[in-house]
Amino acid sequence: MSSKHSAQCTFIAKAALRTTCIAGFVLAASIHLTAQITERPRPAEWSRLVEGGRFMDRFLPMPPGHSSKDVWGAEGVVPRYVDNGIENDSVSFWGGNILRGDDGKYHLFVCGWPESSPKGHHEWPNSTVFYAVGDRLSGPFTVKDIVGRGHNPEFFRLQDGRYVLYVMDGRYVSDRIDGGWTYSHFEFDPRGRRIIEGLSNLTFARREDGSFLMVCRGGGIWISETGLSPYRQLTDRRVYPPVEGNFEDPVVWRDHIQYHLIVNDWLGRIAYYLRSKDGVHWVVDPGEAYLPGISRHEDGYVEDWFKYERIKVYQDEYGRAIQANFAVIDVLKNDDRANDSHSSKNITIPLNPGLLLTVLDTEPVTPATRTIRVKIAAEKNFNPHTDVDVASLRFGASTEVNFGRGARAVRSEKSGDGLTVTFDAAGSGITADEFAPKLIGRTPGGKLLYGYARLPYVDYLEPYLSALAPLFTLRTDGFDLSVEVRNFGQVASRETSLKLTAEKDGKTIEVGTGTVHALEPYEKTHIWLSCGTLFGKGQEYVFTLTILSEGKTVSTFNFKATPFGAS
């Protein structure tokens, strides 16, 4: 080991030893002490997915680096690229994401703890956040500074240029990427909704207007107008797949087409992939988002890490994910002990970003539509005139294309540097609810091509009105109710209607209706309702608040309340 490397190890280890326990997460650590693995059954339809149907198909071979056998690790991860991501003999690294700085370098904030800790991997509640810099996106990254205590960091940039570094139970804010961090806490307003599995492992995506969408570990959706202003919860249930799973490690991002979300079932060692037009309503795509075995070299060799967790993505100028970062460990967490040959690190794996696609037809796709024209744009190192096997292309709804179906290409023509492909619309599967049809195909050499497109007639920025539970005021002849409604969308709303119902004696009864006037983004108002003596004294009822626009449901909120006697 060189003197320079040795000095860096000492610097990191001493800093890690100075940290203190993160309040509230010792219990979580004890739960992980008993965690093993389990095998989750896959839906039968997943066996019919074609290549490109799974998010996992987008992982590319790791870029060549310095391969070494003289390293810690189980047999499956030796040899490996030691200059990929960040690793160090003295520290177990975990979590972290990368942004490109104004200096053109790549900046990584990653957490870790001394490998010599008596608790082994379960020292993670005492994590330190390290600031590291690299010249290449894939690494290696060199630690430059210590930020402070914290676990599972994710950092992002506000519209005003400041940086925010989230850690479990807190946040750091700085005007500079390389220091000057001030520690504080986010404010959370659940708005009368159940906080799903607590506020940890948060992940953030900046919306078009500079506001921020946040997903918490349990799958609740929250919005902050600035990224530092209070985060307010919109959903009253998780948005994850309706399957058995021990979900954590969500990562959310937005590109020029749509929002993306990946969440990991840590016990089943399987991750799921979801997409959304607005970040609130999500569809689940079939197939695994990632599994152990995705870190492969060009020659087919696989760095066989036991677990891949804490996924984060690096995005290009279009917002497309072009690299994934993972925290990886070579053995069961319980088997990683002090001063042994096992540990963890942060690795990077490139991703196929997908094609830049434009749907040229402006009329909605209906059963009567005969053809769909899609333009494939040229990019650096990609010429659609020569790099597309047109006959292999399928286009349409993901529910069709992911299984080898969809609209078939019938002709193509050059359009400047791009290529316009005309598809027979029959079998596209595109319905009125479609917001991002998909293309799957091959290059002449057999490599995967895929991409998503927006539909010109779909409104991608819509108002989103959400209500609080009403305040009940008892009158002699019934109740007055006050309902707060806020627009969390990025555009102004039109006049909408609100309806409150309750379950009583096994039936759904209407409590009251009202009109919500047009609201600017983030504006709120109060709607007043009144009803007769519908409720019994001391009885709890299940209510549903529904906001409708032109007969379509915008949002619903289910809650329980005991109205009688409320003030």
| field | Qualifying residues in segment 73-113 (those that are open to solvent by 30 Å² or more (accessible area, probe 1.4 Å) and among the hydrophobic types (A, V, I, L, M, F, W, C)) - the one farthest from PHE130 (Cα to Cα) | value | VAL78
| request: Would you mind telling me which numbered condition in (1) buried (at least 19 other Cβ atoms within 10 Å of the Cβ); (2) in a loop (DSSP other than H, G, I, E, B) PHE564 fails? | output: (1)
| message | Being touching a His at 6+ places or on another chain (Cβ under 6 Å) and either more than 30 Å from SER174 (Cβ to Cβ) or of a type outside the set (S, T, N, Q) (or both) is true for just one of TRP253, TRP222. Which residue is that? | response | TRP253
| If you take the residues of segment 64-119 that are within 22 Å of the chain's Cα centre (by Cα) and of a type in the set (Val, Ile, Thr), which of them is nearest to VAL147 (Cα to Cα)? | VAL110
| task | Kindly indicate the residue of segment 471-492 that is open to solvent by less than 10 Å² (accessible area, probe 1.4 Å) and modelled with pLDDT of 95 or more and also nearest to ARG232 (Cα to Cα) among those meeting that condition. | result | PHE488
| So which residues in segment 53-72 are among the polar types (S, T, N, Q) and open to solvent by 30 Å² or more (accessible area, probe 1.4 Å)? | SER67
| Of the criteria (1) more than 30 Å from LYS380 (Cα to Cα); (2) more than 19 Å from the chain's Cα centre (by Cα), which one GLU303 fails | (1)
| Take the residues of segment 271-294 that are small (Gly, Ala, Ser) and over 19 Å from ARG454 (Cβ atoms): which is most open to solvent (accessible area, probe 1.4 Å)? | GLY293
| said: Please list, ordered by residue number, the strands (runs of 3 or more DSSP E) wholly in segment 243-348 having 3 or more residues that are within 22 Å of THR142 (Cα to Cα) and at pLDDT 95 or above. | reply: 307-315, 321-329
| note | The one condition SER482 fails out of (1) over 19 Å from VAL516 (Cβ atoms); (2) in a strand (DSSP E or B) is (1)
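Considering TYR163, TYR81, which residue is of a type outside the set (Asp, Glu), touching a Lys or Arg at 6+ places or on another chain (Cβ under 6 Å) and either more than 27 Å from ARG206 (Cβ to Cβ) or modelled with pLDDT of 95 or more (or both)?
Checking each option against the conditions leaves just TYR163.
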| request: Might you check whether a residue that is within 25 Å of PHE543 (Cβ to Cβ) and open to solvent by less than 60 Å² (accessible area, probe 1.4 Å) occurs anywhere in segment 447-464? | output: yes
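The values are calculated or read from the model by the stated rules, or taken from the named source; none is laboratory data. All values derive from a computational prediction rather than experimental measurement. Glycine also receives a Cβ, built like all others from the backbone with ideal geometry; neighbour counts cover every protein chain displayed. Side chains are part of the model used for accessible areas, which takes the heavy atoms of the whole protein and leaves out ligands, DNA and RNA. Shrake-Rupley method; radii C 1.70, N 1.55, O 1.52, S 1.80 Å.
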